[in-house]
1. Checking the condition modelled with pLDDT under 95, out of contact with any strand residue (DSSP E or B) (no Cβ under 8 Å at 6 or more places or on another chain) and of a type in the set (S, T, N, Q), which residue from Ser146, Ser162 passes?
2. Looking only at the stretch 215-236, decide whether some residue is in contact with a His (Cβ under 6 Å, 6 or more places away or on another chain) and buried (at least 19 other Cβ atoms within 10 Å of the Cβ).
3. Tell me the residue from Gln55, Gln63 that is in a helix (DSSP H, G or I) and out of contact with any strand residue (DSSP E or B) (no Cβ under 8 Å at 6 or more places or on another chain), please.
4. Which condition does Glu225 not pass, out of (1) part of a helix (DSSP H, G or I); (2) of a type outside the set (A, V, I, L, M, F, W, C); (3) more than 28 Å from Asp69 (Cβ to Cβ); (4) at pLDDT 95 or above, if it passes all the others?
5. Working carefully through the options Gly109, Gly90, Gly136, Gly124, find the one that is over 20 Å from Cys36 (Cα atoms) and either in contact with a Ser or Thr (Cβ under 7 Å, 6 or more places away or on another chain) or not aliphatic (A, V, I, L, M) (or both).
6. Which count do you get for residues in the stretch 18-54 that are surrounded by 17 or more Cβ atoms within 10 Å (Cβ to Cβ) and at pLDDT 90 or above?
7. Name the single residue that is nearest to Ile163 (Cα to Cα) among those in the stretch 176-220 being touching a residue at least 60 places away in the same chain (Cβ under 8 Å) and of a type in the set (Lys, Arg).
8. If the Cβ limit is 6 Å and pairs must be 6+ apart or interchain, which residue in the stretch 31-47 that is without any contact (Cβ under 8 Å) to a residue 24 or more places away in the chain pairs with which residue that is in a loop (DSSP other than H, G, I, E, B)?
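The values are calculated or read from the model by the stated rules, or taken from the named source; none is laboratory data. Here the structure is a predicted model, which means the values were calculated and not measured. Here Cβ is always computed from backbone atoms with ideal geometry, including for glycine, and neighbour counts include all displayed protein chains.
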Amino acid sequence: MTSPSRDPLRPIYRESFIENPKHEKDLRNRDTALLCIDMQYLDAAEGYGLFRDHQNSPIPLDQMRYYFDRLRDTVLPRVHNLQNCFRAHGLEVIHVRIQSLTRDGRDRGKGHKRLELHAAPGSGEACFLEEVAPVGDEIVINKTASGVFSSTNLHYVLNNLSISSLYIVGVYTNECVETTVRDACDLGYLVTLVTDGCATVTPELHDASVKTLQNRYARIVSTDEAIDDIERELPAVESL
């Protein structure tokens, strides 16, 4: 009799998604991109968005401190290094951010309107964090919903780039990141989630999302493991 704690579908999912050799093939063919989600002032900088006013924020101060400490000490330096690795090996780095089409945000998704979440074009909230900002003509996708695939033309753009595998980093792990991972998997992409390149406001929420996604929707790796993947499969662009 199967143990109640044992996942009977785990072997099937691992073979189809997690251990699929196409992960390595897509790297060798440069059909892999890094997707950086919402690493902007709106939701990753003190003094902006939900973090504008410590006294009136729905997020307790201790959770803010945890979140910003993790961003500063772990996520931003690791994402910066991973972005540079992708660039050095001729792989696409794509940036997703929350930004409306209009100054008053009337085009926002209904969920963002209910949450009063808004980053207008040209606003401080829409700016990327300097440590992980786009370089050169890297692609930027603007969205006004949690999931980037449901609210933008990203799938069309990735198809035009012949991208079929994604490494994903960003914030928040349990919201926009998790939604994007699930949607990407459903659309046929092979997904790798870089856990130390993601953050949310509590470690419990982060860990719960990772536990849900692993062995189902995404490979789970560290930044060092992701860089090892790339350097093992690809020469740097300069040496081609």
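1. After applying the criteria, what remains is Ser146.
2. yes
3. Just a single option satisfies the conditions, and that option is Gln63.
4. Condition not satisfied by Glu225: (3).
5. Gly109
6. 22
7. Applying the filter and picking the extreme gives Arg219.
8. none
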